[in-house]
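Take a look at the structure below.
The values are calculated or read from the model by the stated rules, or taken from the named source; none is laboratory data. The structure presented is a predicted model; accordingly, all values stated were derived computationally and were not measured. Here the Cβ positions follow ideal geometry from the backbone for every residue, glycine too, while neighbour counts run over all protein chains shown. Accessible surface is based on the protein model in full, side chains and every heavy atom, while ligands, DNA and RNA are left aside. Shrake-Rupley method; radii C 1.70, N 1.55, O 1.52, S 1.80 Å.
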Amino acid sequence: MTNRSTRRTVLATGTAALLAGCSKYGDNSSSESESSPSEAPLADTSKAPSSAPSAAASGGKELTTKAAVPVGGGKIFKEQKVVVTQPKKDEFKAFSAICTHQGCTVNRVVDGLIDCPCHGSKFSVVDGAVKAGPAPRPLPAKKITVEGNSIRLT
């Protein structure tokens, strides 16, 4: 004769296993978590000398060069979720590449417009304003720094 498990037994066993597994991560009362190397306090390295310039000291993470952004157009950086535009020669702007309608990533910049492929929203390369809906709001501006030929996200 086999012993059948009831739903109550299965749920109780699963809950006990889940609680046992989670107790290591959120419970600071055990001596094991207090002595864990992963929880050791980090050394203060803010005063340590560094041979590499920090991103903040150099104006942020470099995205591209000025020559890579066409006048009247732009370039999309999917990983950083930003679009950089050049409405007029040597005038650079940056906006979020996430459409304000339903969160799709814009996919191209053509004829002075930033296009969203999901529902057809279009935004101005000048100020991120909505030029065609259904997007309810403009693309939020992002901060960039232009130094020499470099465009950096700050």
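Screening Q86, Q80 for residues that are polar (S, T, N, Q) and assigned to a loop (DSSP other than H, G, I, E, B) leaves exactly one candidate, Q80. Does V110 meet the test of being out of contact with any Asp or Glu (no Cβ under 7 Å at 6 or more places or on another chain), in contact (Cβ under 8 Å) with a residue 24 or more places away in the chain, more than 25 Å from G60 (Cβ to Cβ) and of a type outside the set (S, T, Y)? For V110, the condition - out of contact with any Asp or Glu (no Cβ under 7 Å at 6 or more places or on another chain), in contact (Cβ under 8 Å) with a residue 24 or more places away in the chain, more than 25 Å from G60 (Cβ to Cβ) and of a type outside the set (S, T, Y) - is met.
Out of all the residues in segment 142-153, is one or more surrounded by fewer than 13 Cβ atoms within 10 Å (Cβ to Cβ), of a type outside the set (G, A, S) and touching a Pro at 6+ places or on another chain (Cβ under 9 Å)? No, because not a single residue in segment 142-153 is surrounded by fewer than 13 Cβ atoms within 10 Å (Cβ to Cβ), of a type outside the set (G, A, S) and touching a Pro at 6+ places or on another chain (Cβ under 9 Å).
For every residue, the table says whether it meets (1) open to solvent by less than 60 Å² (accessible area, probe 1.4 Å); (2) modelled with pLDDT of 95 or more; (3) farther than 20 Å from A141 by Cβ; (4) of a type in the set (D, E).
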site	(1), (2), (3), (4)
C22	no, no, yes, no
E32	no, no, yes, yes
D44	no, no, yes, yes
S51	no, no, yes, no
L63	yes, no, no, no
V69	yes, yes, no, no
E79	no, no, no, yes
Q102	no, no, yes, no
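Considering segment 89-102, the residues that are assigned to a strand (DSSP E or B) and charged (D, E, K, R) include one that is nearest to K131 (Cα to Cα), namely K93.
None of D111, D127 is more than 15 Å from the chain's Cα centre (by Cα), modelled with pLDDT of 95 or more and open to solvent by 30 Å² or more (accessible area, probe 1.4 Å) except D127.
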